[in-house]
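The values are calculated or read from the model by the stated rules, or taken from the named source; none is laboratory data. All figures in this text were calculated on a predicted structure; none of them were measured in a lab. Using ideal geometry, Cβ is built from the backbone for each residue, glycine included, and neighbour counts are taken over all protein chains shown. For the accessible areas, the whole protein counts, side chains as well, though only heavy atoms, and no ligand, DNA or RNA atoms are used. Shrake-Rupley method; radii C 1.70, N 1.55, O 1.52, S 1.80 Å.
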Amino acid sequence: MLINFSPNSALGQLLLLRSIAIVLQLVLVLISLWFLDKSLPEQPVFTVIAVESVFQLASIYAYRKASEVSPGAMVMQLVADILFLTVLLSFLGGASNAFVSLLLLPCIIAAVTVPPRFVVFISAAALLAYGYLYMVVPMHHHGMHMGQHLLGMLVNFVFMVIVIVTVVTFLASRIQQRELALAKSREKQLQQEQVLALGSAAAQVTHQLATPIAHLNLLFEELNEDFPQHPAVKDMQAPLAQCKTQLDGFRAQTELLKPHSQVNSQKFGTLWQQLHELLTLQFPELSISSQLPSEPFSVNGDPMLIPALFNLFVNAAKANEKCSASNLEVSVTISEDKTSNTCLMWSLSIRDFGPGIEMDKLALIGKSVVDSSSGLGMALLLSHATIERLGGTLHLSNHQTQGAVSVVTLPVL
């Protein structure tokens, strides 16, 4: 029989512990029968162990193809452990048995494997089981001193359940939070490595293009001196000038992105005007419906902010083209930061009327390289990295009716 679950999983550890517990139960009962108490009820005890063994084999068979199970299934397994242990101890002295403290074990396992509401249920089941075992102690054990001792054990058990479950649940929650933080840190590090690789490749390509463009510019100057009125020479002037401007702009951005560079703030109106001009030049048929705040405010003047936002507008415009739409809805709002009441945040919402984002790629796009029919999502990856570097967030979602919505949130300076 093939068993796929791992011993490191919660299910695997629970089934392994139960197998060990069944073996120990058999060994301890046999030792008691042979060397200690000859008057143990053999048939009920062995019947309980046999039923528990059958349940264990059935559980292994039922979950043989599952690496993990739902919290409800884990609760069922833990309740079964409490039930088997309670029935077994009821034939072996009840609450006077030294192994009654094993009822704490399902509570501890529940505290680290299931949600808190199920932990409370398991703890209540263990307390009820102990209360039942306290009631089935033989009457000759209820002397004055023994009765006080058993009552003290009951109070101690209740106290231990409350303390252990509370502490273990708190520690398990802290560990889960730390694991989530580490996972986010690893994801962010991977994203930064991808952005660094893209930036290195872009810088290398730009450096390699600088020399041939400079050589073409020299040839253009010579042709312009010899053939100043030639139409082809005049047509070459604008593209070469644009290439030179782009290279100079890239060098300027590189200088501004150095650690000791000073980045000033800029008015949002200036930022919006530049974005609107870029969109008008590249998509002249595009109609933009905008809702902007009436009061002026300042934003980060980082040189990469405009390219990052422009990438979002380009993606929205291309999504519109797929559905023959020509309208974008843009809104800008200002609100207080939820984490700090003293900081203001401005949000830019861009809604297109395209086909929307595929659900299987919605959680990954903008955070990693995603293969699609229109590319690998490099532009969104770079935009997301830039916005995060500036202390903001980028959220992508599908609109309820049609299209996608991109929301950028950044601090107001």
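Hey, does the stretch 95-106 have a residue that's without any contact (Cβ under 8 Å) to a residue 40 or more places away in the chain, surrounded by 16 or more Cβ atoms within 10 Å (Cβ to Cβ) and not in a helix (DSSP H, G or I)?
yes
How many of the residues making up the stretch 366-399 are at pLDDT below 65 and open to solvent by less than 60 Å² (accessible area, probe 1.4 Å)? Show your work before the answer.
The initial filter retains those residues of the stretch 366-399 that are at pLDDT below 65, namely 366-377.
Narrowing further to those that are open to solvent by less than 60 Å² (accessible area, probe 1.4 Å): 366, 368, 370, 372, 375, 377.
Number satisfying all stated conditions: 6.
Could you tell me whether GLN25 is at pLDDT 80 or above, touching a Lys or Arg at 6+ places or on another chain (Cβ under 6 Å) and not acidic (Asp, Glu)?
No, not satisfied.
I'd like the residue in the stretch 52-62 that is of a type in the set (A, V, I, L, M, F, W, C) and surrounded by 14 or more Cβ atoms within 10 Å (Cβ to Cβ) and, out of all such residues, is modelled with the lowest pLDDT. Give the steps one after another, and end with the answer.
Taking the stretch 52-62 and keeping what is of a type in the set (A, V, I, L, M, F, W, C), we get 54-55, 57-58, 60, 62.
Filter again for surrounded by 14 or more Cβ atoms within 10 Å (Cβ to Cβ), leaving 55, 60.
Numbers: PHE55: 92, ILE60: 84.
Going through the qualifying residues, I end up with ILE60.
Go through the stretch 338-356 and give me each residue that's in contact (Cβ under 8 Å) with a residue 12 or more places away in the chain and loosely packed, with under 14 Cβ neighbours inside 10 Å. Quick ask: steps written out before the conclusion?
Kept after step one, since they are in contact (Cβ under 8 Å) with a residue 12 or more places away in the chain, are these residues of the stretch 338-356: 343-356.
Once the filter is applied, which keeps residues that are in contact (Cβ under 8 Å) with a residue 12 or more places away in the chain and loosely packed, with under 14 Cβ neighbours inside 10 Å, the stretch 338-356 yields only CYS343.
Step by step: first the residues of the stretch 400-412, then only those that are of a type in the set (Val, Ile, Thr) and within 19 Å of ILE357 (Cβ to Cβ), then the one that is least open to solvent (accessible area, probe 1.4 Å). Which residue is that?
The selected residue is VAL408.
In the list SER298, SER265, which residue meets the criterion of being closer than 19 Å to LEU390 by Cβ and in contact with a Lys or Arg (Cβ under 7 Å, 6 or more places away or on another chain)? Break it down stepwise before answering.
Numbers: SER265 fails: in contact with a Lys or Arg (Cβ under 7 Å, 6 or more places away or on another chain).
That would be SER298, the only listed residue that is closer than 19 Å to LEU390 by Cβ and in contact with a Lys or Arg (Cβ under 7 Å, 6 or more places away or on another chain).
Tally up the residues in the stretch 63-92 that are aliphatic (A, V, I, L, M), assigned to a helix (DSSP H, G or I) and open to solvent by less than 70 Å² (accessible area, probe 1.4 Å), please.
11
Show the residue pairs meeting these rules: Cβ distance below 6 Å; 6+ apart or different chains; first residue within the stretch 156-183 and at negative phi and assigned to a helix (DSSP H, G or I); second residue of a type in the set (S, T, N, Q) and surrounded by 12 or more Cβ atoms within 10 Å (Cβ to Cβ).
Listed by first residue and then by second, the contacts come to VAL161/SER123; VAL165/SER123.
Within the set of pairs 6 or more residues apart or between chains, which connect a residue that is over 14 Å from ASN224 (Cβ atoms) inside the stretch 238-250 to a residue that is assigned to a helix (DSSP H, G or I) and modelled with pLDDT of 80 or more with Cβ atoms less than 8 Å apart?
CYS243/ILE213; LYS244/ILE213; LYS244/ASN217; LEU247/ILE213
Would you confirm, using the coordinates I've provided, whether VAL120 is open to solvent by 20 Å² or more (accessible area, probe 1.4 Å) and modelled with pLDDT of 85 or more?
On the way: open to solvent by 20 Å² or more (accessible area, probe 1.4 Å): yes; modelled with pLDDT of 85 or more: yes.
Yes.
Name the residues in the stretch 216-241 that are open to solvent by less than 100 Å² (accessible area, probe 1.4 Å) and not in a helix (DSSP H, G or I), would you?
PRO228, HIS230, listed by residue number.
State all residues of the stretch 266-300 that are among the aliphatic types (A, V, I, L, M) and part of a helix (DSSP H, G or I); if no residue qualifies, say none. Quick ask: steps written out before the conclusion?
First, pick out the residues of the stretch 266-300 that are among the aliphatic types (A, V, I, L, M): 271, 275, 278-279, 281, 286, 288, 292, 299.
Within the stretch 266-300, LEU271, LEU275, LEU278, LEU279, LEU281 qualify.
Scan LEU133, LEU128 and give me the residue that is within 39 Å of the chain's Cα centre (by Cα), closer than 21 Å to LEU89 by Cβ, at pLDDT 85 or above and assigned to a helix (DSSP H, G or I).
LEU128
Under the condition of being among the acidic types (Asp, Glu) and assigned to a strand (DSSP E or B), which residue from the stretch 316-337 is least open to solvent (accessible area, probe 1.4 Å)? Lay out the reasoning, then the answer.
Step one: of the stretch 316-337, the residues among the acidic types (Asp, Glu) are 321, 329, 336-337.
Narrowing the set further to residues that are assigned to a strand (DSSP E or B) leaves 329, 336.
Numbers: GLU329: 79, GLU336: 111 Å².
The qualifying residue least open to solvent (accessible area, probe 1.4 Å) is GLU329.
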